[in-house]
Amino acid sequence: MPATPPSPAASAPATATLASAAAPASAAVPAVQAKPRSAVVFGVIALVLIGLNLRAGITGASALLHDLQTVLGYGPLVAAIIPSIPTLCFALAGAGTSWLTGRLGVEKAILLALAMLAGGLLLRGIPATGMLVAGSVVGMSGLAVCNVAMPSFIREHFASRTSLMTAMYTVTMTTGATVTAVAVVPLAQALGSPSAAVGAIGITAVAAFLGFLPVVLHAHRNSSRGTAGAISPWPLLRTRKGVLLTAIFTLQALLAYALLSWFPYMLTTMGLSASDSGLMFGLMQLVSVPAGMVLIAIGSRPRMLRPAFYLVSIVMALGLVALLVLPVQLSFVSAVLLGFGLGIFPLVMVMISRSGASTAETTALSTLAQSSGYLLATAGPFGMGLLHGATGGWTLPLAILLALALVQIVVAHLITGTPMTGKANTR
C-alpha cells in the first residue's frame, strides 16, 4: 500500500507493500492446500496464546525493576544490564532462527522457543540476582525465536489473511503486556515478593506451550511440504529492501524498548508513586492496542501507508516532547501519545510478513531485520540507564530518543516507496 506518489510510475512499487492487506495475497504467496477447520481453529488459538506472552515477560519485569533492585540488592551496573537482556537476546538468539527453522521447521522451532520462554520466566521466580539474570537470558532467547518465526508462521498458515492475523497477534501481544504491567505490582504486593510475581508470569507461557502442541502435531502428520533449505539472511543486507526493513525495525525497537524498560521507573524517580507509575505504564500499553488496529486500517487503504507511518512517527516524537516539558502530574498525556507511537509495530510486522518471494525468504528478512535491529536497539535501554546514572536526570536520554524519532520519520518515508514483495536481488 503506497504513500501518495508523485507519478503513476512511482505508485506501483509501494502498492506491493500492503496492497493486498485487505485482499487475498495469492499474488505474493504461493497457494496453500486448504487446512481442516480444526487445524485453523487450533492455529488461531495458538496465535492468541503466543501473542499474549511476547511482551508480558518484559513489561512485568520493567514494572518491578525498582522493587527487584531494592529486595535483591544488586548495583547500578546490573540494574542497567537487566533491561538490556531482552534486546540483546533478541539479536543473538534471533540470528539463528533462520537456521533453526530450516532444520526443524517453523512449528517445531516455535515449540522449542516456547519451552525456553516458560522455563526462563519460571526460573526468575527464585529470589536471587543470578536466577533473575539467568532466567531472563533463557526466557528472552526463547522469545527471540518466537519474534522472528511468527511472520513466517502467519505467512505459512494464514496466507490469505496475513494482515488480519498479524493484527490479531500484535493486539494480543500488547494486551498481554498491558494486563501484566498493570497487574504485576498488586500481584507482587499480594505475594509479598517481586521475584514471585515475575516468576508467576511464566504460567501463561506454559499455557502457550500446551496450546501450540496441536499445531505442531498437525504439521508433523501433514509434513508434505518440501523442506526448502533456509536462505541466509546476511546477503539481504546488500539489498535496499533488507536495509530499509532493518532500519525501520531498529528505530521502532530502540524507541519501544527504551520506553518499555524505563518508563515506570522514570516516572517514579520524577515523583509519582510506584502504583501510579504502573498505571501510566499500563495506560501507555493500553493505548497501543487500538492504535495498532487503527494504523493497520489506515495503512491498508490505497495510498495511505505513508501517511500512517508519518502519523505514528510524529505522535511518538510529540510524546517524547511532552515527557520532557510537562510536569509529571500530566504524565497521562505522554502515556497516551507514546502508546499511540508504539502502534508502529503492527505496521512493521505486516511489511515483514508480506516481504520476500517465499516463506524461506520471509524468514531470512525477518531474521535480518530483527536480529540486527535488536542488537542495535540494545543501546536504548542500556544507554538510558547509563546516561541517567551519569547525569542524574532524564533530559539527555529523552533528547536522544527524540532525535531518533525524527530519523524514523525519514526512514518511514523511504520504506513506503520501496517494493517489499518479490525476490530480493543481492548485488
For region 351-390, how many residues are assigned to a loop (DSSP other than H, G, I, E, B), touching a Leu at 6+ places or on another chain (Cβ under 6 Å) and open to solvent by 10 Å² or more (accessible area, probe 1.4 Å)?
1
I'd like to check something: does region 292-299 contain any residue that is touching a residue at least 24 places away in the same chain (Cβ under 8 Å), open to solvent by 10 Å² or more (accessible area, probe 1.4 Å), of a type outside the set (A, V, I, L, M, F, W, C) and part of a helix (DSSP H, G or I)?
no
Restricting region 306-328 to residues that are closer than 18 Å to Thr269 by Cβ and without any contact (Cβ under 8 Å) to a residue 24 or more places away in the chain, the one most open to solvent (accessible area, probe 1.4 Å) turns out to be Val325
Somewhere in region 261-279, is a residue of a type in the set (Val, Ile, Thr), in a helix (DSSP H, G or I) and crowded, with 24+ Cβ neighbours inside 10 Å?
no
Single condition Thr391 does not satisfy, out of (1) closer than 30 Å to His157 by Cβ; (2) among the hydroxyl-bearing types (Ser, Thr, Tyr); (3) without any contact (Cβ under 8 Å) to a residue 24 or more places away in the chain:
(1)
Is there a residue in region 342-350 that is on the phi > 0 side of the Ramachandran plot, among the small types (Gly, Ala, Ser) and not in a helix (DSSP H, G or I)?
no
Of the residues in region 65-77, those that are at pLDDT 85 or above and either assigned to a helix (DSSP H, G or I) or not small (Gly, Ala, Ser) (or both) number 7
Take Val243 and tell me if it is more than 20 Å from the chain's Cα centre (by Cα) and at pLDDT 80 or above.
no
Tell me which residues, restricted to region 90-114, are over 16 Å from Met150 (Cβ atoms) and surrounded by 24 or more Cβ atoms within 10 Å (Cβ to Cβ).
none
Gly51 vs. criteria open to solvent by less than 50 Å² (accessible area, probe 1.4 Å), in a helix (DSSP H, G or I) and farther than 25 Å from Gln285 by Cα:
no
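The values are calculated or read from the model by the stated rules, or taken from the named source; none is laboratory data. Just so it is clear, the structure is predicted and the values come from calculations on it, not from any experiment. Using ideal geometry, Cβ is built from the backbone for each residue, glycine included, and neighbour counts are taken over all protein chains shown. Only protein heavy atoms, including side chains, enter the accessible area calculation; ligands, DNA and RNA are left aside. Shrake-Rupley method; radii C 1.70, N 1.55, O 1.52, S 1.80 Å.
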